[in-house]
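For reference, the structure is listed below as structure tokens.
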Amino acid sequence: MRVQKTRREGKLYGQATLEDASGKIELIVFPRDYEKLGPQMKIEAPVLLRGVLSGEEDAAPKLA
């Protein structure tokens with residue numbers, strides 16, 4: 001889990017890799033959600049996610 005600041009507003013957001021037995025996917029937690037969920041996001045903790053799957057033709061998919 002990496003926490004960074006947005007360029008425009010300087011708000012915190014998170015980037016992580018979610019991995020299970022079938023593979024892994026990049027995860028982006030936008031500032032408004034990170035503000036609420038940040039303290040609960042821990043490494044090696046079970047999670048249930050709801051998001052939007054996005055991807056570009058030449059890149060791996062990401063979950064936002």
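Which condition breaks for ARG50 when tested against (1) modelled with pLDDT under 85; (2) open to solvent by 100 Å² or more (accessible area, probe 1.4 Å); (3) not in a strand (DSSP E or B)?
In the conditions (1) modelled with pLDDT under 85; (2) open to solvent by 100 Å² or more (accessible area, probe 1.4 Å); (3) not in a strand (DSSP E or B), ARG50 misses (1) alone.
Mind listing whichever residues of the range 23-41 are more than 12 Å from the chain's Cα centre (by Cα) and either open to solvent by less than 100 Å² (accessible area, probe 1.4 Å) or at pLDDT below 85 (or both)?
GLY23, PRO39, GLN40 - these are the residues of the range 23-41 that are more than 12 Å from the chain's Cα centre (by Cα) and either open to solvent by less than 100 Å² (accessible area, probe 1.4 Å) or at pLDDT below 85 (or both).
Among the residues of the range 27-46, write down those that are assigned to a loop (DSSP other than H, G, I, E, B) and more than 20 Å from ARG8 (Cβ to Cβ).
Matches in the range 27-46: MET41, LYS42, ILE43, GLU44, ALA45, PRO46.
Assess whether GLU9 counts as being modelled with pLDDT of 90 or more, on the phi < 0 side of the Ramachandran plot and among the acidic types (Asp, Glu).
In short, yes.
Give just the number: which of (1) surrounded by 10 or more Cβ atoms within 10 Å (Cβ to Cβ); (2) part of a helix (DSSP H, G or I); (3) over 12 Å from the mean Cα position of the chain (by Cα) does ALA60 not satisfy?
Tallying (1) surrounded by 10 or more Cβ atoms within 10 Å (Cβ to Cβ); (2) part of a helix (DSSP H, G or I); (3) over 12 Å from the mean Cα position of the chain (by Cα), ALA60 fails exactly one: (2).
When you go through ARG2, ARG32, ARG7, ARG50 one by one, which is the residue that is touching a strand residue (DSSP E or B) at 6+ places or on another chain (Cβ under 6 Å) and among the basic types (Lys, Arg)?
Answer to the selection: ARG2.
If a residue has to be surrounded by 12 or more Cβ atoms within 10 Å (Cβ to Cβ) and in a loop (DSSP other than H, G, I, E, B) to count, how many in the range 7-22 make the cut?
So the count comes out to 1.
The values are calculated or read from the model by the stated rules, or taken from the named source; none is laboratory data. All values derive from a computational prediction rather than experimental measurement. We place every Cβ from the backbone using ideal geometry, glycine too, and count neighbours over all the protein chains shown. Just the protein is used for accessible areas: all its heavy atoms, side chains included, with ligands, DNA and RNA removed. Shrake-Rupley method; radii C 1.70, N 1.55, O 1.52, S 1.80 Å.
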